[in-house]
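Any read-out appearing in this document is the output of simple, stated calculations on the displayed coordinates, not a laboratory observation. In this text, all values refer to a predicted model and were calculated from it rather than measured experimentally. Methodologically, a virtual Cβ is constructed for each residue, glycine included, from the backbone with ideal geometry; neighbour enumeration extends over all protein chains shown.
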Amino acid sequence: MTTGFKNVLFLCTGNYYRSRYAEEVFNHLARAEGLPWRAFSRGAAKKGSSKNTGPISQFSVQALKAKGISAEGALRYPIPCTFADFEAAQLAVGLKEVEHRPLIEQRFPDLPNIIEYWDVDDIELASPSTALAKIDHLVEKLISRLLADNC
C-alpha cells in the first residue's frame, strides 16, 4: 500500500503466483502512465499452499523479467488478506471468481460486495504462459479504464 495514491488490491489464493504478477505489472504500467494508483496483493486463503516454495512463483519472476520488469516485491513472502487490506483499497480484484469468492465470503462475511472478479485459472488448469498473458491483457484494460476515469 502506498500513501498518496489510490490502491488496488489483487487477490489470488495464496499470494504467490497470479496476484503477485498482477501487482508488479500494474505498478510498472501505472508508473509509466503517471497514473496515481498503486497495487498491492494478498492471499484470499488464511494460509498458502505447502507446494509454494520461496517468496514468489518462479513463473511470475521469469515472465516479469521477459517483459523487462524488475519484481520489486520478489523478496516478500506471501501475505494473507485482512479486513484492513480491503479498507486500504479503493478497488479489489479477485483473479478467479469461482475460486476466490467463496474464500472471501467465508473469511469476511460482512464485507460489502466490493470485489471485481476476473477469470484467470491457476496453474493446475492453465499454463503459466496462458494465465499470465491473460493477466497482462486484463491489467492493461484496467489501466486504460482508470486513465479514462482520471480524465
Among the residues of the range 36-44, is there at least one that is without any contact (Cβ under 8 Å) to a residue 12 or more places away in the chain and on the phi < 0 side of the Ramachandran plot? no
Matching residues, the range 108-135, being touching a helix residue (DSSP H, G or I) at 6+ places or on another chain (Cβ under 6 Å) and more than 18 Å from A44 (Cα to Cα): P128, L132
Has the range 109-123 got at least one residue that is more than 15 Å from F10 (Cα to Cα) and surrounded by 12 or more Cβ atoms within 10 Å (Cβ to Cβ)? yes
Name the residues in the range 17-33 that are more than 23 Å from H100 (Cα to Cα) and either in contact (Cβ under 8 Å) with a residue 60 or more places away in the chain or in contact with a Leu (Cβ under 9 Å, 6 or more places away or on another chain) (or both), would you? H28, L29, A30, E33
Search result, residues across the range 108-138 that are within 23 Å of I56 (Cα to Cα) and in a strand (DSSP E or B): Y117, D119
Tally time: how many residues in the range 83-113 are free of Cβ contacts under 8 Å to residues at least 40 places away in the same chain and either among the polar types (S, T, N, Q) or in contact with a Cys (Cβ under 9 Å, 6 or more places away or on another chain) (or both)? 3
Could you check the range 139-151 and list, in sequence order, the residues that are in contact (Cβ under 8 Å) with a residue 60 or more places away in the chain and either within 26 Å of V61 (Cα to Cα) or within 12 Å of the chain's Cα centre (by Cα) (or both)? V139, E140, L142, I143, L146
When the range 114-137 is checked residue by residue, the ones that are free of Cβ contacts under 8 Å to residues at least 24 places away in the same chain and under 15 Å from the mean Cα position of the chain (by Cα) are D119, A133, K134, H137
Tell me, which residue of the range 88-107 that is out of contact with any Ser or Thr (no Cβ under 9 Å at 6 or more places or on another chain) and in a loop (DSSP other than H, G, I, E, B) is nearest to S60 (Cα to Cα)? A89
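For residues in the range 54-72 being among the small types (G, A, S) and surrounded by 15 or more Cβ atoms within 10 Å (Cβ to Cβ), which is farthest from R107 (Cα to Cα)?
Of all residues in the range 54-72, those among the small types (G, A, S) come to 54, 57, 60, 63, 66, 68, 70-71.
Then drop every residue that is not surrounded by 15 or more Cβ atoms within 10 Å (Cβ to Cβ), which leaves 57, 60, 63, 71.
On the way: S57: 24, S60: 27, A63: 31, A71: 29 Å.
Only one residue fits best here, namely A63.
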What's the total number of residues in the range 3-32 that are farther than 15 Å from L146 by Cβ and outside any helix (DSSP H, G or I)? 9
